[in-house]
1. Of the DSSP beta bridges with both residues in the protein assembly as shown, give the percent that are antiparallel, rounding to the nearest 5.
2. What FRET efficiency, computed as 1/(1 + (r/R0)^6) with R0 = 41 Å and r the Cβ-Cβ distance, is obtained for A:His231 and D:His42, rounded to the nearest 0.05?
3. May I ask you to evaluate 6.51 cos²θ - 1.76 cosθ + 1.60, the Karplus curve with θ = phi - 60°, for each residue of the stretch A:148-162 and list the ³J(HN,Hα) values in order in whole Hz, giving x for glycine and proline?
4. At 7 Å along the Cα-to-beta-carbon direction for both D:Lys337 and A:Glu271, put a label point, then send me their distance in nm to one decimal.
5. Based on the alpha-carbon gyration tensor of the stretch D:33-184 and its eigenvalue square roots a ≥ b ≥ c, which shape applies: rounded if a/c is under 1.5, prolate if not and a/b is larger than b/c, or oblate?
6. Specify, per residue and in Å³, the volume enclosed by the convex hull of the alpha carbon atoms belonging to the stretch A:104-145.
7. Quickly work out the C:Asp327-to-A:Gln330 label distance, labels modelled 7 Å from Cα along the C-beta direction, and quote it in nm with one decimal.
8. What residues qualify as long-range amide H neighbours of B:Ile9, i.e. H under 5 Å apart, gap of 5 or more or another chain, H built at 1.01 Å from N?
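Any read-out appearing in this document is the output of simple, stated calculations on the displayed coordinates, not a laboratory observation. Worth saying up front: this structure is predicted, and the values here are computed from it rather than measured. When we count neighbours, we look across all protein chains shown, and the Cβ atoms used for this are built from the backbone with ideal geometry, even at glycine.
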4 protein chains.
Amino acid sequence: MKAFVMREIGSVGFMEKPIPRPGPGDAIVRTTKALICTSDSHTVAGGIGPRENLTLGHEAVGVVHEVGSDVKVFQPGDRVLVGAITPDWGDPAAQNGFPSQSGMALGGFKFANSKDGVFAEYFHVNEADANMAKIPDDISDDLAVYCADMLSTGFMGAEKGNIPIGGTVAVLALGPVGMMAAAGARLRGAGLVIGVESVPQRQDLARTYGVDEIVDFSREDVVERIMELTHGEGVDTAIEALGMDATFQTAIKITKPGGTVSNIGYFGEGEFVRIPRVAWGVGMADQTIATGLCPGGRVRMERLLRVLQAKRLDPTGMTTHEFEFDDMEQAFEVLDKKLDDVIKPLISF
Amino acid sequence: MKAFVMREIGSVGFMEKPIPRPGPGDAIVRTTKALICTSDSHTVAGGIGPRENLTLGHEAVGVVHEVGSDVKVFQPGDRVLVGAITPDWGDPAAQNGFPSQSGMALGGFKFANSKDGVFAEYFHVNEADANMAKIPDDISDDLAVYCADMLSTGFMGAEKGNIPIGGTVAVLALGPVGMMAAAGARLRGAGLVIGVESVPQRQDLARTYGVDEIVDFSREDVVERIMELTHGEGVDTAIEALGMDATFQTAIKITKPGGTVSNIGYFGEGEFVRIPRVAWGVGMADQTIATGLCPGGRVRMERLLRVLQAKRLDPTGMTTHEFEFDDMEQAFEVLDKKLDDVIKPLISF
Amino acid sequence: MKAFVMREIGSVGFMEKPIPRPGPGDAIVRTTKALICTSDSHTVAGGIGPRENLTLGHEAVGVVHEVGSDVKVFQPGDRVLVGAITPDWGDPAAQNGFPSQSGMALGGFKFANSKDGVFAEYFHVNEADANMAKIPDDISDDLAVYCADMLSTGFMGAEKGNIPIGGTVAVLALGPVGMMAAAGARLRGAGLVIGVESVPQRQDLARTYGVDEIVDFSREDVVERIMELTHGEGVDTAIEALGMDATFQTAIKITKPGGTVSNIGYFGEGEFVRIPRVAWGVGMADQTIATGLCPGGRVRMERLLRVLQAKRLDPTGMTTHEFEFDDMEQAFEVLDKKLDDVIKPLISF
Amino acid sequence: MKAFVMREIGSVGFMEKPIPRPGPGDAIVRTTKALICTSDSHTVAGGIGPRENLTLGHEAVGVVHEVGSDVKVFQPGDRVLVGAITPDWGDPAAQNGFPSQSGMALGGFKFANSKDGVFAEYFHVNEADANMAKIPDDISDDLAVYCADMLSTGFMGAEKGNIPIGGTVAVLALGPVGMMAAAGARLRGAGLVIGVESVPQRQDLARTYGVDEIVDFSREDVVERIMELTHGEGVDTAIEALGMDATFQTAIKITKPGGTVSNIGYFGEGEFVRIPRVAWGVGMADQTIATGLCPGGRVRMERLLRVLQAKRLDPTGMTTHEFEFDDMEQAFEVLDKKLDDVIKPLISF
């Protein structure tokens, strides 16, 4: 089968690989749709270290091709959504309530990391009964594929942010995950969702996902403006959706005593992420910093699909580009170089 | 001043009372709008015991008339919303996280219970800085008055129900508080909100507040139908919004293992409320039964006002009737006897 | 091998069975020590319905005899503790945070319920890597075996009871699980642990596990006495450790507004368990009723073993009787008929 | 009356001040015992900015001298404990669940900060009914005074650390607050409490408060040793009880994915507190950083007194020195300069 791989750091391309075979609890899925993620770019740039001929991609849906002998819930032909994170559910970290950390820190992140990813004609799913969900007939593949990572990660930012109904929330950076964090804040009942972003197209799209107020960091002082919007109080919850030291510092500064900074950004650079000491209340302001990795699992995926089915949200507005799998190199370049105001490129197989 | 009182059990009417005077931390509010609540009827029927010439009513907004010497946040002329529940914030129960229970069980419920209520030209507010909120200019009195009890109680049902994003929720009985519980479930991100109700007008209105599916108990078996709608799983959260033994039993039966029954109904009759033993998993199904009393306080009211200001919800669709304060007897009768498909009667002062 | 079985309702005895074989993820354990539980008696009496030649018992430790091909953590010869509850960790209920409910309500309870139990020379463990724990060298089998159910269930009662440091707790009935609930309350920092019990030997032993005050229901009014001990406030947490309607009602009555009734009793009789309406604050006193089933799993077992290893507690004081496996019939009768002030009979294999 | 004050930054001494008078809800307490805190030294050194003739001290007990007209719970002659933090309970932050932040970040910290402290013959208590607790007859002043700050802050570190029964905890720095954090970890049921400390006397005393293992940072690598003690997993909870950038970094490094870093240290220096990026799981390891300020209030103080009354703990082992109030300058110097292996100096009035 055809697979789109990271040959080595800095180099991508197609190669031929054998169709994978399932272990007793596993499934093989024939890919139908996939999304490219900025973290695919990070991986190729060396963000998780060297890899050789590793199939890229972690956001995909497809049709079950083959199942192992112990798989009970799924059978060949089922349309399925697979979480970007596929935990080992019996692992101690999962028993402790943190399945995304199963095996090791971030250990649930297997696709395009510890095993081949989903940018191939077929891909392998561990613990299939626990890590896949059937896609309802009224949900298209183009829609469902957003659950794998975008909704799951974005919503997690809101969930871990401990937002009260009517609470105030700021989302720092309105990339696709930030937009879904804003949508998640709305889903949790936030009364004011502030988005920090300078790109006009992203500002506009984010408004459709529930951002009430935009703060453009290229034109105004973010801390000052957010304090003004919250009558000097600061927000209940700041969601860091970029993964930059400066943004993280802003998140601390705009969060009220007793509030939560919820991080969904991947911090890719530097030895340290810095907490501004005084704004942090010298470590005594009852502020909480929460972090996490995209939740996976059948239950999570079913709940996200239910959100789509109930039409609470339409993430396909983020699909700015569509490509055939054969044009994957071009698709990858578009996202990698942020061409044409790209948000998410959708790949058809 | 004119006050609408419960003369004794079973008897209501107007009487003249002196305008109340504030203690150092208190305020006197000139009433502008109020809502009648079915619990006013319960009170008159003797639900909380005998009372003599007690002013009725606990849902009101108005204009500050006078403040005590220690009041810092408000001044005469401010348009204010006052929570139906006005806790003593320094009380042990409040320190313990349960202000509505300050002083004694349900002790935060003072209006028309332990002191005169709001159906008068003026009413008294204890700990004014903590128990009132300024109404923003863009929120009308007719709208704001719904925060005092309806939104606060209904939303609490959702909040205590521990609803996950995309979760399944059933609301049992779609009176005004049940409708707001459904709205609250939507605000928390529920993926499926099922309402149980037989009155067509209420069914229709509830759909506008976020009920996805209606189960009509007069036409179908509620447990069977909800199990069908949830593919045999039961709901994550059942909100009991009626306060009846039979409804409570249904709530237990339709809630999945690990789920929550969240009660916002006032149970007014019988020695016991009964848990069906086997459906309850013989006491071992990780099911939780949560209860509570309408949260009050400035912070709560400000958050609810923010929900209205952000146009997440318009509760005025529940205003089926409007009366002048002079016609209070007629208004009271309409709600007491459930005439003309009444939901909430709004009173203008 | 020799197995001690329930032949049918009301009848027990030995029979010969083949040594079980493991599936890929399973293990076979050679039993060394086991405890008999009152729920074994309930099962024989028909509490979970008819069974035929079902091996009894769910509390055991032993030595790994054989492992399946996918087992990574354990190997033959390892001394192991096995939780009484052995969940399917990938199941939706487990993903939702309630592994004991995997498969169905109470579905993690497999031993002597949906498969053969541990009163045999060998027994089978599903998902062995997730459901067993190695016993440290300095912990004897006689000690470790108490973790399987007694510590796990009793401590859960305290954990779900939401006990604050210095809080007040009442444990209703001081059988072995109640004693461990009291010990759990102490482990969570309770400032006052009240035990309700009439049997002198149990009263005495319970004091060694952390009960500060005994209330003897045969001599005094429990509600009155507990109100006196708590200066009229009621307790923060009442742990129901018996599973009787009357005891449950007492639990509601002695719990303060905002407090928690935490149930660990198995309710075996009656159509209903009854909540006293007025004492329950008519459903509005912010009281919570929590329930659960003994947590299982490697992480849980390792933590319980650590409690023993650190000598925080010595549950072997509950071992009132010791028997060889050959004398199992006699042992079973002693517990079944509550002879000789029995608390827990320990069986050696 | 005589008061021990900070004249200006760097200078302390006695001065005469009038006995304070209570407002309607306040009380005046005649001081009997007080403890000096290292934060008194920080204040004198300029840690919270310049102050002029500010009475120092925030840990004290005494006898009620006078109460305001609205005080209901206390009367002159009552022996009372006063929390170091005396919140405004009606304030928005308190309503939001964070009374220590009432008024502003850290706003509940009034003594020797925004008003005169307790190192005087008499001191003033705001909202007396809410901020004081009666001392039971069987608790001496010498004992009770430890609740005001030491127990409340230390235990908070454990409470916010989300410690499971049998969990693993490391406390970084075993000063008096760190020792009480260790004691708090034991009270929450920790199965392994590791203390990091180099001073032999503190190591020894900490063992009596529940530290199971000592790691001496002057002799061994802390991260390496704690990883060894936790079999490579890291701890469930790290409590930072020093307030230093390097210690905070260690806390992040030794905490497992899904674990909690709970801060009770006052960070007095530097623009930033630094999170080591990779050890923090690049912001995605489900690790939480919790912070807080000593909880105050009557309910808190009553619970802490109950812990002492039940003899769960005896903090007087930390009283290394005793002085009369007349010798306050000498006492202050002993703590300020850390003479004679001082831990806590107790002052008698």
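1. Values: 140 of 248 bridges.
Bridges in the protein assembly as shown that DSSP calls antiparallel: roughly 55 percent.
2. So, using R0 = 41 Å, E works out to roughly 0.80.
3. Here the 3J(HN,Hα) series is 3, 9, 4, 5, 5, 6, x, 4, 4, x, 6, 5, 6, x, 6 Hz.
4. 3.7 nm
5. Rounded is the answer for the stretch D:33-184, as its axis ratio a/c remains below 1.5.
6. Numbers: hull volume 4.4 nm³, N = 42.
It is 104 Å³ per residue.
7. 8.5 nm
8. Amide H to amide H, under 5 Å and 5 or more residues apart or across chains, B:Ile9 pairs with B:Arg51.
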